[in-house]
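Chemist: Before anything else, here's the structure in question.
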Amino acid sequence: MNRRDLLKASAGVAASLIGLSKCRAEEKEPANGKAGLTSTANRKLAGRTLQQLRNQYRYDLFDDFLPFMDKHIIDHELGGFMCNADRDGTLLNTKKNSWYIGRGIWVYSFLYNELTHDRKHLEVACKATEFVLRNPPTGDDLWPAEYTRQGAPIQATGQYIGGKHVPVSKEVYGDLFIANGLAEYARACGDEQYWQTAKGIMQKCVKIYDRPDYAPDAPKVYLGGKGSDLPGVRPLGVWMLLLRLSSQMLAQRPDPYIQSVVDRSLDAIFNHHYNSEYNLFNEVLNHDMSRPNNEYRELVYTGHGIETMWMVLYEAHRRKDKKLFDKAAGMLKRTMEVAWDDVYGGLLRGVTNVDENTWILDKALWVQEEALIGTLFVIEHTGAQWAKDWFSKIFTYVHAKFPLKKHGYALWDFWPDRKVTFTKHYSRVGNFHHPRHLMLNLLAIERMIGRSGKASGVFPN
């Protein structure tokens, strides 16, 4: 079936795909109900044993990513991250983006909490936290988009997308990334005040997001900076961040307000952004959660759909909700099927108009890595064959195309074109999606090895 056929699947077929289909005969689980990687046929993923996968993930994180960051990107003196750097680590400028500060705080706090317990990683998170909290905004103001190296605010606006900066009005993303970092840092340093600060930032962001005039030109980022204004816009990406932030905070302690944000986010995702006509998630809605009657009506940002679904999977696991887990797994599978590029391989990040079948033709690394997180989590907890097949397919593609080692550089290609064409120079180093993928999947593989490849049994049949 080609992509157009997949996109225009009938409502009846679409409804059946939202949950996991019944296992085919060759996918039946063993009598103990714990499928996994225990049989001879299933003992490998992407042609590798779990131990070999673990070794690969350890190399990518500890031997490739972290040394480059330590040498070139982290400001060990003043705190924070200078991510505008070329392939070889040469800094193009010393600006510090508030998105990347918040993301970096999360990465190094999580690294310390879950993998290394190394004080040098905690120190990176500590200095970045001190940097961003030195002059916090007051009232309902948002954090500055950027800072000088010394910490003076730079009031630039916009998002970096598709390899370029797209100027749009200030949104809540940066503050939510900072909140996410502070919540994880609270766990690392054992000081609850940072968790409470994160909650306060979340409350502010929800309040701003609920304004009827919120970020009217925000949807233009999906169309390369073009398009109509949409006051009070409701992007799927905001619910995604609210969900993930809230879910991680609830894992530390219960909170009625934060629980309400999780529930509201899930309702928005499945009862409003979900489009039963083609069984995908529309990225942009009106303020009242209706679909817009303009150029954003048929916009499906498949990258966010994939990313959101693994976050729902993690939340379903936290609350032990098998129905929600199965729904998210089914939608993860569906979105990957639609987004896969049958010509050149890899996952495309969005279709600007479903009916016209017009795709955004690049291969953002983050999209591939979000899919690897989601599929491995499904494998870990269910052993589903389709998830094994998709993980193997994407893992093999990514490792053939994205690592820059063959070109003489560290890291992976960040946001290449459809064919993943190498360019000698680039202007940004990613400090979030890549290490998050490596850390989450390394932890999942360690858990799977600890169970000798058996599914977790959290959701018994």
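The values are calculated or read from the model by the stated rules, or taken from the named source; none is laboratory data. Bear in mind the structure is a predicted one, so any value in this text is a computation, not a measurement. Cβ sites come from the backbone with ideal geometry, for glycine too, and all protein chains shown count toward neighbours. With ligands, DNA and RNA removed, areas are computed over all heavy atoms of the protein, side chains included. Shrake-Rupley method; radii C 1.70, N 1.55, O 1.52, S 1.80 Å.
Chemist: Can you give me the Rg/Rh ratio for segment 329-449, using Cα atoms for both radii and the Kirkwood formula for Rh?
Modeler: Expressed as Rg/Rh, it is 0.97.
Chemist: Give the relative contact order (percent, whole number) for the chain; include only Cα pairs under 8 Å separated by 6+ residues.
Modeler: Computed value for the chain: 21 percent relative contact order.
Chemist: Same structure again: For every helix of n ≥ 4 consecutive DSSP H residues, a contribution of -39,500 (n - 2.57) applies; sum these over the chain, divide by its total residues, and give [θ] at 222 nm rounded to the nearest 500 deg cm²/dmol.
Modeler: Result for the chain: -14500 deg cm²/dmol, rounded to the nearest 500.
Chemist: Using 0.36 nm per residue, how much length does the chain from L404 to D86 gain when fully extended, once their Cα-Cα distance is taken away?
Modeler: 113.2 nm
Chemist: Here is the link list: K71/K127; K333/K388; K44/K323; K170/K220; K95/K401. Which ones come out longer than 18 Å on Cα distance?
Modeler: K44/K323; K95/K401
Chemist: Moving on. Under a plain spin-label model, where a point goes 7 Å from the Cα along Cα-to-Cβ, how far apart in nm are K419 and A152?
Modeler: For the pair K419/A152, the computed spacing is 4.5 nm.
Chemist: How much of the accessible area of the chain, probe 1.4 Å, is carbon plus sulfur, in whole percent?
Modeler: 50 percent
Chemist: Tell me, what is the per residue accessible area of segment 261-365 in Å², probe radius 1.4 Å?
Modeler: Normalised by residue count, the accessible surface of segment 261-365 is 31 Å².
Chemist: Where only protein heavy atoms count, and the probe is 1.4 Å, what is the accessible area per residue for segment 370-461 in Å²?
Modeler: I get 34 Å² per residue for segment 370-461.
Chemist: Here's a follow-up. Residue farthest toward the positive end of the dipole of segment 256-410, with Cβ of Lys/Arg at +1 and Asp/Glu at -1: which of A329, Y296, I373?
Modeler: Ranked along the dipole, the leading option is I373.
Chemist: Have a look at the chain and give its Rg and Dmax from the Cα atoms, expressed in angstrom.
Modeler: When restricted to the Cα atoms of the chain, Rg and Dmax are 21.1, 63 Å.
Chemist: Related question: Which order do peptides 400-411, 216-227 fall in by mean Cβ count within 10 Å, highest first?
Modeler: Taking the mean over residues of other Cβ atoms within 10 Å, the ranking is 216-227, 400-411.
Chemist: Gain in length, V458 to R58, computed as 0.36 nm per residue apart minus the alpha-carbon separation, to one decimal in nm?
Modeler: 141.4 nm is the gain from fully extending V458 to R58.
Chemist: Oh, and also: So if each residue of separation counts as 0.36 nm, and I subtract the Cα-Cα distance between N353 and K226, what length gain in nm does that give?
Modeler: Extra length from N353 to K226 when fully extended: 44.3 nm.
Chemist: Express the relative contact order of segment 290-358 as a whole percentage, based on alpha carbon pairs under 8 Å and six or more residues apart in sequence.
Modeler: Relative CO of segment 290-358 lands at 45 percent.
Chemist: Let me ask something else. For an R0 of 25 angstrom, estimate the FRET efficiency from the Cβ-Cβ distance between Q259 and Q193 and round to the nearest 0.05.
Modeler: 0.75
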